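Single-structure report; data block below.
The values are calculated or read from the model by the stated rules, or taken from the named source; none is laboratory data. All of these numbers come straight from a predicted model, not from anything done at the bench. No Cβ is skipped: glycine too gets one built from the backbone with ideal geometry, and neighbour counts run over all protein chains shown. Calculation scope for accessible area: heavy atoms of the full protein, side chains included, ligands and nucleic acids excluded. Shrake-Rupley method; radii C 1.70, N 1.55, O 1.52, S 1.80 Å.
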Amino acid sequence: MLASPVSFDFDYLRRIVREKTAIVLEAEKVYLAEAKLGPIVRRSGSASLTDLLRDLRSQPWGATHQQVVEAMTNNETSFFRDLYPYEALKNRMLPELLTKRAHVRELNIWSAASSSGQEAASIAMVIRENFRALDGWKIRILGTDIAAEMVNRCKEGLFAQHEVNRGLPAQYLVKYFDRVGLHWRLKPILSEMMEFRQMNLSALWPNLPTMDIVFLRNVLIYFDVDTKRTILTRMKSMLRPDSYLLLGGAETTLNIVDDYERVDFSKFDAYRLKNRSSKA
Amino acid sequence: MRALIVDDSTATRFILKSILKEIGFATVEANSGAAALHKLTEDSHFELALVDWNMPEMNGYEFVVAVRQVSTFASLRILMVTSETDVEQITKAIEAGANEYLMKPFTKDAIRDKLQMLGFDVGTHA
Ligand SMILES: C[S@@+](CC[C@H](N)C(=O)[O-])C[C@H]1O[C@@H](n2cnc3c(N)ncnc32)[C@H](O)[C@@H]1O
(Lines give C-alpha, C1' and ligand atoms only; values in the text may rest on other atoms or scores of the structure.)
Protein backbone atom coordinates (compact mmCIF):
# COMPACT_ATOMS: atom_id res chain seq x y z
CA MET A 1 0.00 0.00 0.00
CA LEU A 2 1.20 3.48 -0.81
CA ALA A 3 1.88 5.97 1.93
CA SER A 4 -0.97 8.43 2.02
CA PRO A 5 -0.16 11.31 -0.32
CA VAL A 6 -1.97 13.88 1.80
CA SER A 7 -0.95 16.10 4.65
CA PHE A 8 -3.80 15.24 7.01
CA ASP A 9 -3.81 12.33 9.41
CA PHE A 10 -5.78 9.72 7.49
CA ASP A 11 -4.78 6.97 9.90
CA TYR A 12 -6.39 8.84 12.77
CA LEU A 13 -9.53 9.39 10.71
CA ARG A 14 -9.63 5.73 9.81
CA ARG A 15 -9.17 4.73 13.41
CA ILE A 16 -12.02 6.79 14.82
CA VAL A 17 -14.37 5.77 12.01
CA ARG A 18 -13.51 2.15 12.67
CA GLU A 19 -13.90 2.49 16.42
CA LYS A 20 -17.28 4.16 16.26
CA THR A 21 -18.93 2.50 13.26
CA ALA A 22 -16.84 -0.59 12.43
CA ILE A 23 -16.55 0.82 8.93
CA VAL A 24 -13.21 0.04 7.32
CA LEU A 25 -12.17 2.99 5.16
CA GLU A 26 -10.27 1.83 2.12
CA ALA A 27 -7.03 3.62 1.33
CA GLU A 28 -8.66 5.06 -1.81
CA LYS A 29 -11.12 6.89 0.40
CA VAL A 30 -8.37 9.29 1.35
CA TYR A 31 -9.37 11.44 -1.62
CA LEU A 32 -12.99 11.51 -0.53
CA ALA A 33 -12.16 12.72 2.95
CA GLU A 34 -11.28 16.23 1.85
CA ALA A 35 -14.60 16.67 0.02
CA LYS A 36 -16.75 15.02 2.67
CA LEU A 37 -15.19 16.84 5.59
CA GLY A 38 -14.85 20.26 3.91
CA PRO A 39 -18.10 21.64 5.37
CA ILE A 40 -17.09 20.57 8.88
CA VAL A 41 -13.67 22.18 8.48
CA ARG A 42 -15.35 25.44 7.49
CA ARG A 43 -17.92 25.32 10.29
CA SER A 44 -15.26 24.59 12.87
CA GLY A 45 -13.19 27.58 11.86
CA SER A 46 -10.10 25.45 11.32
CA ALA A 47 -7.70 26.52 8.61
CA SER A 48 -7.55 23.07 7.03
CA LEU A 49 -8.49 19.45 7.44
CA THR A 50 -4.99 18.84 8.70
CA ASP A 51 -5.53 21.35 11.51
CA LEU A 52 -9.00 20.08 12.32
CA LEU A 53 -7.88 16.49 12.71
CA ARG A 54 -4.84 17.53 14.74
CA ASP A 55 -7.11 19.48 17.10
CA LEU A 56 -9.66 16.69 17.37
CA ARG A 57 -6.92 14.24 18.13
CA SER A 58 -5.85 16.18 21.17
CA GLN A 59 -9.36 16.77 22.47
CA PRO A 60 -11.78 14.52 24.34
CA TRP A 61 -14.53 12.98 22.22
CA GLY A 62 -17.21 15.53 21.35
CA ALA A 63 -19.83 16.61 18.85
CA THR A 64 -17.33 17.48 16.13
CA HIS A 65 -15.67 14.09 16.36
CA GLN A 66 -19.09 12.54 15.92
CA GLN A 67 -19.87 14.72 12.90
CA VAL A 68 -16.58 13.79 11.28
CA VAL A 69 -17.32 10.10 11.73
CA GLU A 70 -20.87 10.43 10.40
CA ALA A 71 -19.70 12.42 7.40
CA MET A 72 -17.45 9.54 6.37
CA THR A 73 -20.34 7.06 6.14
CA ASN A 74 -21.84 6.36 2.74
CA ASN A 75 -25.57 7.09 2.91
CA GLU A 76 -26.42 6.31 -0.66
CA THR A 77 -29.84 4.75 -1.03
CA SER A 78 -32.92 4.94 -3.20
CA PHE A 79 -36.57 3.99 -3.23
CA PHE A 80 -37.14 0.37 -4.24
CA ARG A 81 -33.41 -0.14 -4.54
CA ASP A 82 -32.65 -3.10 -6.83
CA LEU A 83 -36.38 -3.66 -7.38
CA TYR A 84 -36.31 -7.47 -6.97
CA PRO A 85 -36.23 -7.53 -3.16
CA TYR A 86 -39.49 -5.59 -3.24
CA GLU A 87 -40.97 -7.93 -5.83
CA ALA A 88 -40.11 -10.84 -3.54
CA LEU A 89 -41.62 -8.96 -0.61
CA LYS A 90 -44.83 -8.37 -2.50
CA ASN A 91 -45.22 -11.68 -4.29
CA ARG A 92 -43.90 -14.16 -1.76
CA MET A 93 -42.81 -12.98 1.67
CA LEU A 94 -45.83 -10.90 2.64
CA PRO A 95 -48.48 -13.29 1.25
CA GLU A 96 -46.77 -16.10 3.17
CA LEU A 97 -46.59 -14.12 6.42
CA LEU A 98 -50.17 -12.98 5.98
CA THR A 99 -51.16 -16.60 6.49
CA LYS A 100 -48.54 -17.54 9.06
CA ARG A 101 -49.13 -14.54 11.31
CA ALA A 102 -52.91 -14.52 10.97
CA HIS A 103 -53.33 -15.66 14.58
CA VAL A 104 -51.36 -12.72 16.00
CA ARG A 105 -52.11 -10.15 13.32
CA GLU A 106 -48.78 -8.52 13.87
CA LEU A 107 -45.74 -7.89 11.68
CA ASN A 108 -42.37 -6.47 12.62
CA ILE A 109 -40.10 -5.35 9.84
CA TRP A 110 -36.66 -3.84 10.37
CA SER A 111 -34.68 -1.57 8.09
CA ALA A 112 -31.41 -2.04 9.94
CA ALA A 113 -29.31 0.59 8.14
CA SER A 114 -32.08 2.89 7.09
CA SER A 115 -30.02 5.83 5.83
CA SER A 116 -32.48 8.61 4.90
CA GLY A 117 -35.54 6.33 5.03
CA GLN A 118 -36.22 5.32 1.42
CA GLU A 119 -35.98 1.63 2.24
CA ALA A 120 -38.50 1.81 5.10
CA ALA A 121 -40.83 3.97 3.01
CA SER A 122 -40.65 1.52 0.10
CA ILE A 123 -41.61 -1.35 2.39
CA ALA A 124 -44.52 0.70 3.72
CA MET A 125 -45.70 1.45 0.17
CA VAL A 126 -45.60 -2.22 -0.81
CA ILE A 127 -47.82 -2.99 2.17
CA ARG A 128 -50.30 -0.14 1.69
CA GLU A 129 -50.52 -0.65 -2.03
CA ASN A 130 -51.02 -4.41 -2.08
CA PHE A 131 -52.19 -5.69 1.26
CA ARG A 132 -55.48 -4.22 2.33
CA ALA A 133 -55.91 -7.48 4.24
CA LEU A 134 -53.26 -6.17 6.65
CA ASP A 135 -55.29 -3.07 7.47
CA GLY A 136 -56.33 -4.13 10.97
CA TRP A 137 -52.91 -5.58 11.82
CA LYS A 138 -50.29 -4.11 14.06
CA ILE A 139 -47.54 -3.38 11.62
CA ARG A 140 -44.32 -1.82 12.68
CA ILE A 141 -41.50 -0.86 10.37
CA LEU A 142 -38.51 0.01 12.48
CA GLY A 143 -35.70 1.98 10.86
CA THR A 144 -32.34 2.34 12.58
CA ASP A 145 -29.08 3.96 11.57
CA ILE A 146 -25.91 4.94 13.31
CA ALA A 147 -25.94 8.48 11.94
CA ALA A 148 -28.02 10.91 14.01
CA GLU A 149 -28.48 13.13 10.98
CA MET A 150 -29.96 10.24 9.00
CA VAL A 151 -32.30 9.26 11.82
CA ASN A 152 -33.55 12.85 12.01
CA ARG A 153 -34.14 12.87 8.29
CA CYS A 154 -36.08 9.62 8.54
CA LYS A 155 -38.27 11.07 11.27
CA GLU A 156 -38.96 14.14 9.16
CA GLY A 157 -39.98 12.03 6.19
CA LEU A 158 -38.92 14.78 3.82
CA PHE A 159 -37.28 14.01 0.49
CA ALA A 160 -35.63 16.21 -2.10
CA GLN A 161 -36.70 16.12 -5.72
CA HIS A 162 -33.60 14.26 -6.83
CA GLU A 163 -34.43 11.59 -4.25
CA VAL A 164 -38.04 11.04 -5.32
CA ASN A 165 -36.79 10.97 -8.90
CA ARG A 166 -34.95 7.75 -8.15
CA GLY A 167 -36.77 4.44 -8.15
CA LEU A 168 -40.12 5.78 -7.01
CA PRO A 169 -43.05 5.12 -9.37
CA ALA A 170 -44.76 8.43 -10.24
CA GLN A 171 -48.09 6.96 -9.18
CA TYR A 172 -46.73 6.36 -5.69
CA LEU A 173 -45.22 9.83 -5.58
CA VAL A 174 -48.58 11.52 -6.08
CA LYS A 175 -50.43 9.03 -3.92
CA TYR A 176 -48.16 8.82 -0.89
CA PHE A 177 -46.34 12.16 -0.77
CA ASP A 178 -47.32 15.79 -0.33
CA ARG A 179 -45.34 18.45 -2.09
CA VAL A 180 -43.77 20.93 0.30
CA GLY A 181 -41.97 23.61 -1.73
CA LEU A 182 -39.08 21.87 -3.43
CA HIS A 183 -39.44 18.80 -1.23
CA TRP A 184 -41.87 15.93 -0.83
CA ARG A 185 -43.21 14.73 2.48
CA LEU A 186 -44.37 11.21 3.24
CA LYS A 187 -48.07 11.09 4.05
CA PRO A 188 -49.20 9.97 7.53
CA ILE A 189 -50.74 6.81 6.08
CA LEU A 190 -47.15 5.63 5.59
CA SER A 191 -45.27 7.44 8.32
CA GLU A 192 -47.63 6.14 10.98
CA MET A 193 -46.33 2.63 10.29
CA MET A 194 -42.74 3.71 10.69
CA GLU A 195 -40.55 4.36 13.69
CA PHE A 196 -36.92 5.43 13.72
CA ARG A 197 -34.12 5.39 16.19
CA GLN A 198 -30.39 5.63 16.33
CA MET A 199 -28.55 2.37 16.69
CA ASN A 200 -25.04 1.12 16.10
CA LEU A 201 -25.06 -2.38 14.62
CA SER A 202 -21.52 -2.96 15.85
CA ALA A 203 -22.22 -2.02 19.47
CA LEU A 204 -24.66 -3.57 21.95
CA TRP A 205 -28.16 -3.87 20.56
CA PRO A 206 -31.13 -2.47 22.45
CA ASN A 207 -34.14 -4.66 23.14
CA LEU A 208 -36.06 -5.03 19.93
CA PRO A 209 -39.07 -7.14 19.03
CA THR A 210 -38.46 -10.37 17.16
CA MET A 211 -38.52 -9.52 13.49
CA ASP A 212 -40.45 -11.14 10.65
CA ILE A 213 -38.43 -9.45 7.91
CA VAL A 214 -35.08 -7.71 8.20
CA PHE A 215 -33.56 -5.52 5.53
CA LEU A 216 -29.85 -5.44 6.34
CA ARG A 217 -28.81 -4.11 3.00
CA ASN A 218 -25.66 -2.40 1.80
CA VAL A 219 -24.05 -1.96 5.18
CA LEU A 220 -22.21 -5.23 5.95
CA ILE A 221 -20.11 -4.46 2.93
CA TYR A 222 -18.27 -1.74 4.89
CA PHE A 223 -17.27 -4.04 7.75
CA ASP A 224 -14.47 -6.53 8.22
CA VAL A 225 -15.28 -10.25 8.43
CA ASP A 226 -15.27 -10.37 12.22
CA THR A 227 -17.80 -7.57 12.48
CA LYS A 228 -19.96 -9.17 9.80
CA ARG A 229 -19.85 -12.42 11.75
CA THR A 230 -20.75 -10.74 15.04
CA ILE A 231 -23.70 -8.95 13.47
CA LEU A 232 -25.01 -11.95 11.56
CA THR A 233 -24.68 -14.08 14.66
CA ARG A 234 -26.54 -11.59 16.79
CA MET A 235 -29.17 -11.30 14.11
CA LYS A 236 -30.10 -14.94 14.66
CA SER A 237 -31.78 -14.11 17.94
CA MET A 238 -33.88 -11.45 16.23
CA LEU A 239 -35.40 -13.89 13.75
CA ARG A 240 -38.03 -16.59 13.87
CA PRO A 241 -37.47 -19.79 11.90
CA ASP A 242 -39.68 -18.48 9.13
CA SER A 243 -38.41 -14.87 9.16
CA TYR A 244 -36.51 -13.47 6.23
CA LEU A 245 -33.19 -11.65 6.16
CA LEU A 246 -32.44 -9.55 3.10
CA LEU A 247 -28.89 -8.50 2.27
CA GLY A 248 -27.47 -6.21 -0.39
CA GLY A 249 -26.48 -7.44 -3.83
CA ALA A 250 -22.80 -7.72 -2.90
CA GLU A 251 -23.41 -9.25 0.53
CA THR A 252 -23.82 -12.82 1.74
CA THR A 253 -23.77 -14.96 4.89
CA LEU A 254 -21.72 -17.58 3.02
CA ASN A 255 -18.31 -18.32 4.49
CA ILE A 256 -19.10 -16.01 7.38
CA VAL A 257 -21.72 -17.81 9.43
CA ASP A 258 -23.16 -21.21 8.79
CA ASP A 259 -26.58 -20.73 10.36
CA TYR A 260 -28.46 -19.32 7.41
CA GLU A 261 -29.81 -20.91 4.27
CA ARG A 262 -30.46 -19.14 1.03
CA VAL A 263 -34.00 -18.81 -0.23
CA ASP A 264 -34.18 -18.35 -3.95
CA PHE A 265 -36.56 -15.70 -5.22
CA SER A 266 -36.63 -14.66 -8.81
CA LYS A 267 -33.42 -12.72 -9.51
CA PHE A 268 -32.80 -12.34 -5.81
CA ASP A 269 -31.77 -14.42 -2.77
CA ALA A 270 -32.98 -13.90 0.78
CA TYR A 271 -31.82 -15.78 3.87
CA ARG A 272 -33.52 -17.78 6.56
CA LEU A 273 -32.31 -19.59 9.68
CA LYS A 274 -31.18 -23.12 8.91
CA ASN A 275 -32.44 -25.04 11.87
CA ARG A 276 -36.15 -24.73 11.37
CA SER A 277 -37.29 -26.66 14.43
CA SER A 278 -35.55 -24.78 17.21
CA LYS A 279 -38.02 -21.97 17.80
CA ALA A 280 -41.56 -22.04 16.51
CA MET B 1 -34.10 -0.72 -28.80
CA ARG B 2 -35.19 2.59 -30.28
CA ALA B 3 -36.18 5.74 -28.46
CA LEU B 4 -37.75 8.99 -29.54
CA ILE B 5 -36.50 12.06 -27.68
CA VAL B 6 -39.05 14.85 -27.66
CA ASP B 7 -37.81 18.17 -26.24
CA ASP B 8 -37.47 21.67 -27.64
CA SER B 9 -34.13 22.18 -25.92
CA THR B 10 -31.18 21.06 -28.00
CA ALA B 11 -29.07 20.77 -24.87
CA THR B 12 -31.55 18.48 -23.12
CA ARG B 13 -31.91 16.31 -26.21
CA PHE B 14 -28.14 16.03 -26.38
CA ILE B 15 -27.86 14.90 -22.75
CA LEU B 16 -30.73 12.42 -23.07
CA LYS B 17 -29.29 11.10 -26.29
CA SER B 18 -25.91 10.36 -24.75
CA ILE B 19 -27.46 8.66 -21.72
CA LEU B 20 -29.75 6.51 -23.87
CA LYS B 21 -26.92 5.63 -26.22
CA GLU B 22 -24.84 4.40 -23.32
CA ILE B 23 -27.72 2.19 -22.20
CA GLY B 24 -28.03 0.77 -25.71
CA PHE B 25 -30.77 2.73 -27.43
CA ALA B 26 -30.72 4.09 -30.95
CA THR B 27 -32.36 7.51 -30.81
CA VAL B 28 -34.36 9.86 -33.00
CA GLU B 29 -35.04 13.45 -31.95
CA ALA B 30 -38.02 15.74 -32.29
CA ASN B 31 -38.36 19.32 -31.04
CA SER B 32 -42.12 19.35 -30.53
CA GLY B 33 -45.08 17.09 -29.94
CA ALA B 34 -46.23 17.67 -33.48
CA ALA B 35 -42.86 16.73 -34.97
CA ALA B 36 -42.71 13.64 -32.76
CA LEU B 37 -46.17 12.52 -33.79
CA HIS B 38 -45.16 12.97 -37.41
CA LYS B 39 -42.06 10.82 -36.93
CA LEU B 40 -44.08 8.13 -35.15
CA THR B 41 -46.66 8.05 -37.89
CA GLU B 42 -43.97 7.56 -40.52
CA ASP B 43 -42.20 4.89 -38.50
CA SER B 44 -43.82 3.39 -35.43
CA HIS B 45 -40.94 1.11 -34.43
CA PHE B 46 -40.05 2.80 -31.18
CA GLU B 47 -40.17 1.14 -27.77
CA LEU B 48 -39.72 4.33 -25.82
CA ALA B 49 -40.42 8.06 -25.94
CA LEU B 50 -38.93 10.60 -23.54
CA VAL B 51 -41.24 13.60 -23.58
CA ASP B 52 -40.89 17.16 -22.31
CA TRP B 53 -44.03 19.05 -21.28
CA ASN B 54 -43.63 22.63 -22.46
CA MET B 55 -42.98 22.80 -26.17
CA PRO B 56 -44.35 24.92 -29.00
CA GLU B 57 -46.59 23.11 -31.50
CA MET B 58 -48.25 20.52 -29.35
CA ASN B 59 -46.98 20.16 -25.83
CA GLY B 60 -45.96 16.89 -24.23
CA TYR B 61 -49.28 16.32 -22.53
CA GLU B 62 -51.17 16.77 -25.80
CA PHE B 63 -48.69 14.43 -27.43
CA VAL B 64 -49.40 11.71 -24.86
CA VAL B 65 -53.14 12.11 -25.34
CA ALA B 66 -52.74 11.91 -29.13
CA VAL B 67 -50.46 8.86 -29.00
CA ARG B 68 -52.77 6.96 -26.70
CA GLN B 69 -55.59 7.32 -29.22
CA VAL B 70 -53.71 5.30 -31.80
CA SER B 71 -53.67 1.54 -31.28
CA THR B 72 -50.52 1.10 -33.40
CA PHE B 73 -48.59 2.96 -30.69
CA ALA B 74 -50.08 1.02 -27.81
CA SER B 75 -46.81 -0.66 -26.83
CA LEU B 76 -44.83 2.60 -26.80
CA ARG B 77 -43.57 3.34 -23.29
CA ILE B 78 -43.73 7.03 -22.48
CA LEU B 79 -41.51 8.67 -19.88
CA MET B 80 -42.28 12.34 -19.24
CA VAL B 81 -39.09 14.31 -18.53
CA THR B 82 -40.14 17.78 -17.52
CA SER B 83 -39.73 20.66 -15.12
CA GLU B 84 -43.45 20.53 -14.26
CA THR B 85 -43.55 19.28 -10.68
CA ASP B 86 -47.13 19.89 -9.50
CA VAL B 87 -49.02 16.89 -8.18
CA GLU B 88 -51.90 17.82 -10.51
CA GLN B 89 -49.66 17.86 -13.59
CA ILE B 90 -48.02 14.55 -12.76
CA THR B 91 -51.41 12.96 -12.12
CA LYS B 92 -52.79 14.38 -15.34
CA ALA B 93 -49.92 13.01 -17.41
CA ILE B 94 -50.15 9.55 -15.86
CA GLU B 95 -53.90 9.45 -16.32
CA ALA B 96 -53.46 10.44 -19.96
CA GLY B 97 -51.25 7.41 -20.45
CA ALA B 98 -47.68 8.40 -19.67
CA ASN B 99 -46.02 5.35 -18.10
CA GLU B 100 -43.57 7.21 -15.91
CA TYR B 101 -42.60 10.72 -14.92
CA LEU B 102 -39.23 12.29 -14.18
CA MET B 103 -38.71 15.83 -12.92
CA LYS B 104 -35.93 18.04 -14.26
CA PRO B 105 -33.15 18.34 -13.36
CA PHE B 106 -32.44 14.64 -13.58
CA THR B 107 -29.36 12.43 -13.31
CA LYS B 108 -28.23 9.52 -15.40
CA ASP B 109 -29.05 7.15 -12.55
CA ALA B 110 -32.59 8.50 -12.33
CA ILE B 111 -33.09 7.80 -16.05
CA ARG B 112 -31.70 4.30 -15.65
CA ASP B 113 -33.96 3.62 -12.67
CA LYS B 114 -37.05 4.79 -14.55
CA LEU B 115 -36.20 2.73 -17.64
CA GLN B 116 -35.67 -0.32 -15.47
CA MET B 117 -39.04 0.33 -13.88
CA LEU B 118 -40.53 0.42 -17.37
CA GLY B 119 -39.11 -3.03 -18.02
CA PHE B 120 -36.07 -2.13 -20.11
CA ASP B 121 -32.80 -3.93 -19.70
CA VAL B 122 -30.46 -1.18 -18.61
CA GLY B 123 -27.55 -3.47 -17.76
CA THR B 124 -25.66 -3.11 -14.52
CA HIS B 125 -24.88 0.22 -12.98
CA ALA B 126 -21.51 1.62 -13.98
C1 LIG C 1 -25.27 2.70 1.85
S2 LIG C 1 -26.44 3.02 3.15
C3 LIG C 1 -27.62 1.73 2.87
C4 LIG C 1 -29.06 2.20 3.03
C5 LIG C 1 -30.11 1.17 2.71
N6 LIG C 1 -30.07 0.04 3.61
C7 LIG C 1 -30.01 0.71 1.28
O8 LIG C 1 -29.66 -0.45 1.04
O9 LIG C 1 -30.26 1.50 0.36
C10 LIG C 1 -25.52 2.50 4.59
C11 LIG C 1 -26.03 3.07 5.91
O12 LIG C 1 -25.46 2.32 6.98
C13 LIG C 1 -25.24 3.18 8.05
N14 LIG C 1 -24.24 2.57 8.95
C15 LIG C 1 -22.91 2.49 8.77
N16 LIG C 1 -22.32 1.87 9.81
C17 LIG C 1 -23.30 1.53 10.68
C18 LIG C 1 -23.33 0.88 11.93
N19 LIG C 1 -22.20 0.44 12.52
N20 LIG C 1 -24.52 0.72 12.54
C21 LIG C 1 -25.67 1.15 11.96
N22 LIG C 1 -25.71 1.78 10.77
C23 LIG C 1 -24.53 1.97 10.13
C24 LIG C 1 -24.79 4.47 7.41
O25 LIG C 1 -25.00 5.58 8.27
C26 LIG C 1 -25.67 4.51 6.14
O27 LIG C 1 -26.82 5.28 6.34
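Key figures for this structure:
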| read-out | value |
| --- | --- |
| Residue among A:Glu19, A:Glu76, A:Glu34 that is among the acidic types (Asp, Glu) and closer than 30 Å to A:Phe265 by Cα | A:Glu76 |
| Pair list, Cβ under 6 Å, 6 or more apart: segment A:187-205 residue assigned by TED's automatic domain parsing to the domain that holds A:Val225 and open to solvent by less than 70 Å² (accessible area, probe 1.4 Å), other residue within 10 Å of the ligand (Cβ to nearest atom) and not hydroxyl-bearing (Ser, Thr, Tyr) | A:Met194/A:Ala120; A:Phe196/A:Gly143; A:Phe196/A:Val151; A:Phe196/A:Cys154; A:Asn200/A:Ile146; A:Leu201/A:Ile231; A:Ser202/A:Ala22 |
| B:Arg112 at pLDDT 95 or above, under 14 Å from the mean Cα position of the chain (by Cα), open to solvent by 10 Å² or more (accessible area, probe 1.4 Å) and more than 8 Å from chain A (Cβ to nearest Cβ) | no |
| The one condition in (1) assigned to a helix (DSSP H, G or I); (2) open to solvent by 30 Å² or more (accessible area, probe 1.4 Å) that A:Asn74 fails to fulfil | (1) |
| Boolean, A:Thr77 is within 13 Å of the ligand (Cβ to nearest atom) and within 14 Å of another protein chain (Cβ to nearest Cβ) | yes |
| The listed residue being out of contact with any Cys (no Cβ under 6 Å at 6 or more places or on another chain) and either assigned to a loop (DSSP other than H, G, I, E, B) or more than 10 Å from chain A (Cβ to nearest Cβ) (or both), out of B:Glu88, B:Glu84 | B:Glu84 |
| Test set (1) part of a helix (DSSP H, G or I); (2) of a type outside the set (A, V, I, L, M); (3) away from chain B (no Cβ under 14 Å); (4) buried (at least 20 other Cβ atoms within 10 Å of the Cβ) - A:Thr64 fails condition number | (4) |
| Criterion (closer than 20 Å to A:Ala121 by Cβ and of a type in the set (Val, Ile, Thr)) met by exactly one of A:Val225, A:Val263, A:Val257, A:Val219 | A:Val219 |
| Residue check for B:Thr72: within 12 Å of chain A (Cβ to nearest Cβ) and either surrounded by fewer than 19 Cβ atoms within 10 Å (Cβ to Cβ) or out of contact with any Cys (no Cβ under 9 Å at 6 or more places or on another chain) (or both) | no |
| Residue tally, condition outside any helix (DSSP H, G or I) and either among the β-branched types (Val, Ile, Thr) or within 16 Å of B:Gly60 (Cβ to Cβ) (or both), over segment B:27-48 | 8 |
| Failed item, numbered, when B:Ile78 is tested on (1) of a type in the set (Val, Ile, Thr); (2) within 13 Å of another protein chain (Cβ to nearest Cβ); (3) open to solvent by 10 Å² or more (accessible area, probe 1.4 Å) | (3) |
| Where B:Glu57 falls short, out of the listed (1) touching an Asp or Glu at 6+ places or on another chain (Cβ under 8 Å); (2) modelled with pLDDT under 95 | (1) |
| Number of positions in segment A:158-186 that are more than 9 Å from chain B (Cβ to nearest Cβ) and acidic (Asp, Glu) | 1 |
